[in-house]
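Below: one structure, written as structure tokens.
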Amino acid sequence: CYGALKTFGEKWLAHMGVDVELYDPSIGAGIEALIRPATRMICIEAPGTVTMEMADVPAIAAAARRHGVLTMMDNTWASPLGFQPLAHGVDFSVEAATKFFGGHSDVLMGSISMNDAGHYAVLRETQSIL
């Protein structure tokens, strides 16, 4: 798990009362056993930072969808050229465009993509408030 995301989950989100549980990226459909009634989102990072392990993204997305849980994938290392998360059932695809797009981590760019106009409206409103 990318260090900054782990810290955000364990410190910031936990401070706001959000339960965060880390899981083994190779869990695949087994993630279903970790979904609780309060689960709202599953975050996926694939390939994983440092380890480059690849999660079974379609299986995780399908398990989440069966329970009405959203999925967000950090697709930075694969880039949209190597993997298209939305085509594999993921709700939100996040890209730090500092790697493959910029090439040297010397630019400040990123993207969030989604297929659902309702999710876009909420995200856009939140962004404008912040």
Discussion item. At a threshold of 8 angstrom on Cα-Cα distance, excluding pairs fewer than six apart, so keeping six or more, what relative contact order does the stretch 69-130 reach in percent?
Written reply: 27
Worksheet, complete the sentence: Percent antiparallel among DSSP beta bridges confined to the chain, nearest 5, equals 40
Fill in: q = 0.11, 0.20, 0.21 Å⁻¹: log10 I(q)/I(0) that the Debye formula gives for the chain, counting C-alpha atoms only
-0.39, -1.39, -1.50
Worksheet item: Distance in nm between label sites at Thr7 and Val122, each 7 Å beyond Cα in the beta-carbon direction?
Response: 2.8
Worksheet item: Can you give the relative contact order of the stretch 13-130 as a percent, counting alpha carbon pairs under 8 Å and 6+ residues apart?
Response: 18
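Where a number appears in this text, it was derived from the coordinates with a stated rule and is not lab data. Model, not experiment: these values are computed from the prediction. All Cβ positions, glycine included, derive from the backbone under ideal geometry; neighbour counts span all protein chains shown.
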